[in-house]
Amino acid sequence: MRNADDNYRKREPYRRKSPYKDDPFLFAKVVDATLVMDPDPDEANSKYIWRYEVSPAKMIWAGLGNLPSTDYRQLDAATSEPTPTYYAFSISELGNVISTYVAYGVDTGVLPAGPEPVRIPDDTPVLCRAMRNYETGEVFYLIINTQAISGACA
């Protein structure tokens, strides 16, 4: 008499996808950022969108009761600079509309003088999603985050 276990043993073993091979997500840290001012070179009209450079990171966690820490996966031996680096854009900044809304819908009309959207600081860990430029096919990343606002209130 056969049972359910007999059928289970005859099947091919389940093959799991490697969690790091061809993963569309990238755990990274911000290396640098450049304010996007094209086509208008006036910084005031930038819409607070930055083109980031990110580098793969690793998270180290010693277990329950310990704080996790992050570090770059790889540093250039000659310069101690993170490598490789990739271009990325913040998903929350893509929705910024100058003089209207910033940081996921904050009405600029209710902000007092002083506070403004800020970029993600260098060395900040971020989770990114791989994307392709619709026109060129070039690979870049979208940073999944919420844009912060900083500055002294008037």
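Worth pointing out:
- Pick from region 94-147, criterion small (Gly, Ala, Ser) and surrounded by 13 or more Cβ atoms within 10 Å (Cβ to Cβ), ranking: nearest to the chain's Cα centre (by Cα): Ala130
- Search result, residues across region 58-115 that are among the polar types (S, T, N, Q) and farther than 24 Å from Asp38 by Cα: Asn66, Ser69, Thr70, Gln74, Thr79, Ser80, Thr83
- Members of region 134-151 that are of a type in the set (S, T, N, Q), modelled with pLDDT under 90 and in a loop (DSSP other than H, G, I, E, B): Asn145, Thr146, Gln147
- Number of positions in region 21-42 that are touching a residue at least 24 places away in the same chain (Cβ under 8 Å) and of a type in the set (Lys, Arg): 1
- Looking across region 56-78 at every residue that is among the small types (Gly, Ala, Ser) and surrounded by 11 or more Cβ atoms within 10 Å (Cβ to Cβ), the one that is farthest from the chain's Cα centre (by Cα) is identified as Ser69.
- Tally of residues being in contact (Cβ under 8 Å) with a residue 12 or more places away in the chain, assigned to a strand (DSSP E or B) and over 17 Å from Ile144 (Cα atoms) across region 60-106: 6
The values are calculated or read from the model by the stated rules, or taken from the named source; none is laboratory data. Treat the numbers as computed from the prediction; the structure is a model and nothing was measured. Every residue, glycine among them, receives a Cβ derived from its backbone with ideal geometry; neighbour counts consider all protein chains shown.
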